[in-house]
Structures are given as structure tokens and as C-alpha cells.
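Let me begin by presenting the structure, written as C-alpha cells, before commenting on it.
The values are calculated or read from the model by the stated rules, or taken from the named source; none is laboratory data. Source: prediction; values computed, not measured. Note that we place each Cβ from the backbone using ideal geometry, even for glycine, and neighbour counts take in every protein chain shown.
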Amino acid sequence: MTTNNSTNDLTSMQSQPSQRDRNGLRGPVKICIEDKTFPALTTVDGKQSPGTKSTNKTQYGLSGHIEVMSWLNPDGSEYITHYTYSSSGLLLNLASGKKGEPASTTDYHYDK
């Protein structure tokens, strides 16, 4: 007997906790902002590398799926990814790129 793994995987994906829950956030969290600071350091060859800071922002929809993620880079540029889901919670599309520039897109298709 042959089992269609993609259908089984699809069923298990739909019953998993939301991304918001998996990220350890409780309740109806809409936005999570993470600021990361990296200290200055000296490389093995004696060169100085200045400290940097980055900011990541994750926006969740009512269902708990990630809708938008953005990364603010030390140079001031921003990289953004938008996620689109089906009514059953499957990822259908993501569009990502540097803010102000054309985004690259990826479409997802699933076996039924």
C-alpha cells in the first residue's frame, strides 16, 4: 500500500501550534520587536570592528501566523518579508526584498 506523504504532512501542518505560540509568545501578541547589540571586537589580525545594532520586527495576524518580518540593518537599510496564507493556514506566497526596491516572490503549492 502506498501512502501519500504530502497529504499526511499537510494534515499535520494544519494541526500544529501557531508560529506565535512556537515563538513563546502568549495571548494576542501583534508585534514583537527584538533589538540586538553586538559589541566592538578586535579580529585575530588586530583590526578593530565597531559594535553594531540590528532591529528585527515580527508582525502576527489574528491566527498567530507571521504576516510581516522586517530587519533594520546597521547601515539604515531595511529588509522586509511579507507572508500570505490560505484560509486553512498554509503558506501560499512570500515576497521579500530591500525596502523601496522590487521584491522577489515565492509561491507555494500543495498536493491535496
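Assess whether residue 6 counts as being modelled with pLDDT under 90, exposed (fewer than 12 other Cβ atoms within 10 Å of the Cβ) and not in a loop (DSSP other than H, G, I, E, B).
yes
In region 53-112, what residues are touching a helix residue (DSSP H, G or I) at 6+ places or on another chain (Cβ under 8 Å) and either among the hydrophobic types (A, V, I, L, M, F, W, C) or surrounded by 14 or more Cβ atoms within 10 Å (Cβ to Cβ) (or both)? Give the derivation first.
At the first step, the residues of region 53-112 found to be touching a helix residue (DSSP H, G or I) at 6+ places or on another chain (Cβ under 8 Å) are 60, 64-66, 88-90, 110-112.
Matches in region 53-112: 60, 64, 65, 66, 89, 90, 110.
Could you give every pair whose Cβ atoms fall below 8 Å, whose first residue belongs to region 70-89 and is closer than 19 Å to residue 103 by Cβ and touching a residue at least 12 places away in the same chain (Cβ under 8 Å), and whose second residue is part of a loop (DSSP other than H, G, I, E, B) and among the hydrophobic types (A, V, I, L, M, F, W, C), counting only separations of at least 6 or pairs across chains?
Between residues of region 70-89 that are closer than 19 Å to residue 103 by Cβ and touching a residue at least 12 places away in the same chain (Cβ under 8 Å) and residues that are part of a loop (DSSP other than H, G, I, E, B) and among the hydrophobic types (A, V, I, L, M, F, W, C), the close pairs are 80/103; 82/103.
I'd like to know if region 43-58 contains one or more residues that are under 16 Å from residue 20 (Cα atoms), part of a loop (DSSP other than H, G, I, E, B) and of a type in the set (A, V, I, L, M).
Taking region 43-58 first, the residues under 16 Å from residue 20 (Cα atoms) are 56-58.
From the residues that got through so far, the ones that are part of a loop (DSSP other than H, G, I, E, B) too are none.
No.
Kindly provide the set of residues from region 42-69 that are touching a residue at least 12 places away in the same chain (Cβ under 8 Å), out of contact with any Gly (no Cβ under 6 Å at 6 or more places or on another chain) and of a type in the set (D, E, K, R), ordered by number.
Residues satisfying the conditions are 53, 57.
May I ask you to verify whether residue 70 is part of a loop (DSSP other than H, G, I, E, B), closer than 30 Å to residue 16 by Cβ and among the polar types (S, T, N, Q)? Before the answer, list the steps.
On the way: part of a loop (DSSP other than H, G, I, E, B): no; closer than 30 Å to residue 16 by Cβ: yes; among the polar types (S, T, N, Q): yes.
Here the answer is no, as residue 70 does not meet what is asked.
Just to be sure before I move on: is residue 101 in a strand (DSSP E or B), among the charged types (D, E, K, R) and modelled with pLDDT of 90 or more in the structure I sent?
no
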